[in-house]
Amino acid sequence: MSDERHDLSELTHPPHHRAEIVFAVTSFLIAVILAALWSSETSWASGQPWSRQPGLWPLIAIVGMLVFGAGELIACLVRNARAGGGNVLAELGIWAKAGEYVVWFLIYVMAVPYIGYLPASVLFATLLAFRLGYRGLPLLLAPLIALGIVVVFKAGLSVRIPGGAVYDLLPQGLRNFLVVYL
Amino acid sequence: MDTFIDALGIVSRWDVIAALIAGSVGGVIIGAIPGVGPAVAIAILLPATFGMEPIVGLTLLLGIYGSALFGGSIPSILINTPGTPVNALTTYDGYPMTKAGEAPRALGLSFGASFFGGIFAVIALMLLSPVLARIAPMFGSREIFLAALLGCILVVVAHRGQSLAAGALLMFGLFLNTVGMEANTYSQRFTFDLPFLTQGVDLIVVVLGLFAVSQAFVLLIGADEKGEAPTISGSVGKGVREVFRHPRVATAGSLSGTIMGIIPGVGEFTSQFLSYSFARATSKKPELFGKGSPEGLIASETANNSVPPAAMVPLLALGIPGEALTAMMLSVFYVHNVIPGPGLFRNQMDFVMALYICLALLNILALAFLLVATKPLLKVLVIPNRYLGMIILALSFVGIYSLRNSAVDCMMAAAFGLLGVMLKRLNLPIVPIILGMVLGGIMENKFRTSLPRIQSLYSWIDRPVAMAIFCLICIVLALHVWGLWRDWKGKRNGSVQH
């Protein structure tokens, strides 16, 4: 980067990718669907002027999404027809890869109420570190990092995360400690 | 003077001091790790600060916001990778200096410039406070509505070349804010008969999804960069002192950052652009810019570090956040029933002054920490990206789940995380969504409270401040249209001007 001649507009005006067309089409379609649903998903308050109607601001937002979305769609079509800027399918493949980690995250979320915050966090960090290919010291550190996060946030900063159902199987004193701190 | 002494009393509390130290040191470390950045850290910590007093929570978040930019320059200079997005310009001159064997000097210049910019902005704010205290009460509902509208327009036009996408995203944010129960008629808006949507879409869930979860996903789907931790030999202190030998560049950069920070929706990139362009145009050695110019480094770092204190002006004086990080901080105020705006300056000036003092102190603490800890801090630069992604994902869970122990919130955050991945990969801005949500809420509320006094369209602008804001809106739109026309003309002539 440093050996090239810098164009400051790179900072405020980053390059476009061909896959922006996917964003443009999706956002425009969402705007069209929302516009079609506007009358059924908002209500008309009788006796009120238009400026006080509950549907006014959703309407402003949806019209804005339609106008800007249509402009973005046209701009993307023109840009893609004129020049290159990356492979759309390859880019979609990269986005799809994130789906795996959504699943990891949601399994973690679902596990916490059952097995408890600390055990779920330790398992999540260790298994994910293993999945990512870490071995040796980084893998050993993963459960310790999870423990650190739990101690700092739940014991230290007292964030509200309930104890796991499995804690109820433990002796009363230990259960209470785990529910409050871990 | 009494206000200042009261403010000192607030700042000298142990919990405020602890938040100051944790925020400034933590911010430097977070900024130094490429791929994390203050937005992710603030989003994650936000729910934890709801249990703290406003001054403590805000000091912690401000500490991270202000000092992350100090730390962000380290990887920019040493490994040519910006620690935070706004440190990108620092790579232009910082990395060539490292390659020329001047890494300690470059780091010192960057730390000194960050300090200069931060302190300059805080002093400017302290001097501006009496003026703000006098002007803020002139802002009624109409003026705040128009100021929020100006913020919306600025956030769109500031994304040059991406205005259409920014506009669509802003409107999407505005739409998200309208989902749920409408407070005046108790009617449902776009809830699709789903009970969890009745309460609306929570701003914190969206923020955590778009900033933290998406960043975790981006890091996890990427690759780890292999490399040894960089080392430096020599002191950075000389570089810090050298900044004061360039008062013209440092002052211009700080002034640019302060002014751009005050204007909602503009932010660091524009201030850096102006500051760097000015420094290059007025330098005796313009050919060095982009190849290791100390003036270029100073211009970049003063401009970005003077923005955080200045960004507090519209937030504190009008309750209007100018960018995503202050929008997050707004929720800390709301949780504690402290309403930022004209009333805050009138009734709680000691609180405002205490925040200013904290901002000044965090700059001092961040600089002091860097002067003694830069060398050991370099080890954080080699934490593998995907490992960081795993940690951010685990931390994001705390932030989202602790809000209301809702798995649905986590699912929504994951969905916004995927949206964030798409936007980040496409270089599209995330900030308009957040500002759309926050400014949309303010606009709807102020629009409604203005209506009883509105007889005709002219009533919106029949007061001096409202008229001034309306004129500003017209000027901004006219300049944007003129810029578009110039670009179009440039393209037709074969040369694009930015």
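The values are calculated or read from the model by the stated rules, or taken from the named source; none is laboratory data. For clarity, every value in this text was computed on a predicted model and none was experimentally measured. Note: ideal-geometry Cβ built from the backbone for every residue, glycine included; neighbour counts use all protein chains shown.
Examine the range A:129-137 for a residue that is farther than 19 Å from B:PHE217 by Cα, part of a helix (DSSP H, G or I), touching a Ser or Thr at 6+ places or on another chain (Cβ under 9 Å) and more than 7 Å from chain B (Cβ to nearest Cβ), and state whether such a residue exists.
No - not one qualifying residue is present in the range A:129-137.
Please note which helices (runs of 4 or more DSSP H) are completely contained in the range B:317-423 and include at least 1 residues that are in contact (Cβ under 8 Å) with a residue 40 or more places away in the chain, within 14 Å of chain A (Cβ to nearest Cβ) and of a type outside the set (Asp, Glu).
In the range B:317-423, the matching helices (runs of 4 or more DSSP H) lie at B:324-335, B:385-404.
Among the residues of the range A:53-63, is any more than 10 Å from chain B (Cβ to nearest Cβ), aromatic (Phe, Trp, Tyr) and either assigned to a helix (DSSP H, G or I) or within 30 Å of B:GLY441 (Cβ to Cβ) (or both)?
Just the residues of the range A:53-63 that are more than 10 Å from chain B (Cβ to nearest Cβ), to begin with: none.
No: the range A:53-63 contains no residue that is more than 10 Å from chain B (Cβ to nearest Cβ), aromatic (Phe, Trp, Tyr) and either assigned to a helix (DSSP H, G or I) or within 30 Å of B:GLY441 (Cβ to Cβ) (or both).
Yes or no, residue by residue, for (1) of a type outside the set (A, V, I, L, M, F, W, C); (2) modelled with pLDDT under 95; (3) in a helix (DSSP H, G or I); (4) within 30 Å of B:PHE211 (Cα to Cα):
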position: B:GLY440; (1), (2), (3), (4): yes, yes, yes, yes
position: B:MET443; (1), (2), (3), (4): no, yes, yes, yes
position: B:THR449; (1), (2), (3), (4): yes, yes, yes, no
position: B:VAL465; (1), (2), (3), (4): no, yes, yes, no
position: B:LEU472; (1), (2), (3), (4): no, yes, yes, no
position: B:ASP487; (1), (2), (3), (4): yes, yes, yes, no
position: B:HIS498; (1), (2), (3), (4): yes, yes, no, yes
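Would you say B:SER24 is among the small types (Gly, Ala, Ser), in contact with a Leu (Cβ under 8 Å, 6 or more places away or on another chain) and surrounded by 24 or more Cβ atoms within 10 Å (Cβ to Cβ)?
So B:SER24 passes the test.
Quick one: how many residues across the range B:199-210 are over 20 Å from B:TYR334 (Cα atoms) and touching a Ser or Thr at 6+ places or on another chain (Cβ under 9 Å)?
Adding up the residues that qualify gives 1.
Here are some residues: B:LEU149, B:LEU125, B:LEU132. Which one is under 28 Å from A:VAL67 (Cα atoms) and part of a helix (DSSP H, G or I)?
Only one candidate qualifies: B:LEU149.
Would you point out the residue of the range A:149-161, among those that are more than 7 Å from chain B (Cβ to nearest Cβ) and exposed (fewer than 15 other Cβ atoms within 10 Å of the Cβ), that is modelled with the highest pLDDT?
To start, the set of residues in the range A:149-161 that are more than 7 Å from chain B (Cβ to nearest Cβ) comprises A:150-152, A:154-156.
Retained after the next criterion (residues that are exposed (fewer than 15 other Cβ atoms within 10 Å of the Cβ)): A:151-152, A:155-156.
Numbers: A:VAL151: 93, A:VAL152: 90, A:ALA155: 89, A:GLY156: 87.
Per the stated criteria, the residue is A:VAL151.
Out of the range B:289-303, which residues are within 12 Å of chain A (Cβ to nearest Cβ) and either at pLDDT below 90 or over 25 Å from B:LEU359 (Cβ atoms) (or both)?
B:PHE289, B:GLY290, B:LYS291, B:GLY292, B:SER293, B:GLY296
Which residues, counting only those in the range B:215-256, are of a type in the set (S, T, N, Q) and either in contact (Cβ under 8 Å) with a residue 60 or more places away in the chain or within 24 Å of A:GLY93 (Cα to Cα) (or both)? Let's see the steps before the verdict.
Keep residues of the range B:215-256 that are of a type in the set (S, T, N, Q), which gives B:215, B:231, B:233, B:235, B:251, B:254, B:256.
Across the range B:215-256, the qualifying residues are B:GLN215, B:THR231, B:SER233, B:SER235, B:THR251, B:SER254.
Could you run through the range A:16-52 and say how many residues are in a loop (DSSP other than H, G, I, E, B), within 7 Å of chain B (Cβ to nearest Cβ) and either surrounded by fewer than 19 Cβ atoms within 10 Å (Cβ to Cβ) or modelled with pLDDT of 90 or more (or both)? Don't jump to the end; show me each part of the working.
Narrowing the range A:16-52 to residues in a loop (DSSP other than H, G, I, E, B): A:16-19, A:42-49.
Pick out the ones that are also within 7 Å of chain B (Cβ to nearest Cβ) and you get A:17, A:19, A:42-43, A:45.
This time we only want the ones that are either surrounded by fewer than 19 Cβ atoms within 10 Å (Cβ to Cβ) or modelled with pLDDT of 90 or more (or both), so: A:19, A:42-43, A:45.
Final tally of qualifying residues: 4.
Please tell me if B:GLY72 is assigned to a helix (DSSP H, G or I), within 15 Å of the chain's Cα centre (by Cα) and under 22 Å from B:GLY222 (Cβ atoms). Working first, answer last.
On the way: assigned to a helix (DSSP H, G or I): yes; within 15 Å of the chain's Cα centre (by Cα): yes; under 22 Å from B:GLY222 (Cβ atoms): yes.
Yes, satisfied.
Residue-by-condition table, conditions (1) within 29 Å of B:GLU225 (Cα to Cα); (2) not polar (S, T, N, Q):
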position	(1), (2)
A:ASN80	no, no
A:GLY86	yes, yes
A:ALA125	yes, yes
A:PHE130	yes, yes
A:GLY133	yes, yes
A:ALA142	yes, yes
A:LEU170	no, yes
A:LEU174	no, yes
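Which numbered condition trips up A:GLY99, out of (1) more than 21 Å from B:LEU388 (Cβ to Cβ); (2) in a helix (DSSP H, G or I)?
The single condition A:GLY99 does not satisfy is (1).
Yes or no: the range B:174-191 includes at least one residue that is of a type in the set (A, V, I, L, M) and part of a helix (DSSP H, G or I).
yes
So which residues in the range B:110-131 are surrounded by fewer than 24 Cβ atoms within 10 Å (Cβ to Cβ) and aliphatic (A, V, I, L, M), if there are any at all?
B:ILE119, B:ILE123, B:ALA124, B:MET126, B:LEU127, B:LEU128, B:VAL131
Among (1) surrounded by fewer than 15 Cβ atoms within 10 Å (Cβ to Cβ); (2) in contact with a helix residue (DSSP H, G or I) (Cβ under 7 Å, 6 or more places away or on another chain); (3) not charged (D, E, K, R), where does B:GLN455 come up short?
All conditions pass for B:GLN455, except number (2).
With the checklist (1) under 17 Å from B:ALA414 (Cβ atoms); (2) in contact (Cβ under 8 Å) with a residue 60 or more places away in the chain in hand, flag the one item A:LEU118 doesn't pass.
All conditions pass for A:LEU118, except number (1).
Which condition breaks for B:GLN199 when tested against (1) more than 29 Å from the chain's Cα centre (by Cα); (2) free of Cβ contacts under 8 Å to residues at least 24 places away in the same chain; (3) closer than 24 Å to B:GLY417 by Cβ?
Tallying (1) more than 29 Å from the chain's Cα centre (by Cα); (2) free of Cβ contacts under 8 Å to residues at least 24 places away in the same chain; (3) closer than 24 Å to B:GLY417 by Cβ, B:GLN199 fails exactly one: (1).
Has the range B:110-117 got at least one residue that is within 14 Å of chain A (Cβ to nearest Cβ) and either touching a His at 6+ places or on another chain (Cβ under 7 Å) or not hydrophobic (A, V, I, L, M, F, W, C) (or both)? If you could, list the steps in order and put the result at the bottom.
So in the range B:110-117, the residues within 14 Å of chain A (Cβ to nearest Cβ) come out as none.
No; the residues of the range B:110-117 include none that is within 14 Å of chain A (Cβ to nearest Cβ) and either touching a His at 6+ places or on another chain (Cβ under 7 Å) or not hydrophobic (A, V, I, L, M, F, W, C) (or both).
Every residue, every condition in (1) surrounded by fewer than 16 Cβ atoms within 10 Å (Cβ to Cβ); (2) aromatic (Phe, Trp, Tyr); (3) under 27 Å from B:LYS446 (Cβ atoms); (4) more than 8 Å from chain A (Cβ to nearest Cβ), yes or no:
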| residue | (1), (2), (3), (4) |
| --- | --- |
| B:LEU149 | no, no, yes, yes |
| B:GLN162 | no, no, no, no |
| B:GLY180 | no, no, yes, yes |
| B:LEU197 | no, no, yes, yes |
| B:GLU225 | yes, no, no, yes |
| B:PRO230 | no, no, no, yes |
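What residue, among those in the range B:47-67 that are closer than 23 Å to B:GLY267 by Cβ and of a type in the set (A, V, I, L, M), is nearest to the other protein chains (Cβ to nearest Cβ)?
B:LEU60
Which residues, counting only those in the range B:83-109, are within 17 Å of the chain's Cα centre (by Cα) and surrounded by fewer than 23 Cβ atoms within 10 Å (Cβ to Cβ)?
Passing the criteria: B:PRO85, B:ALA88.
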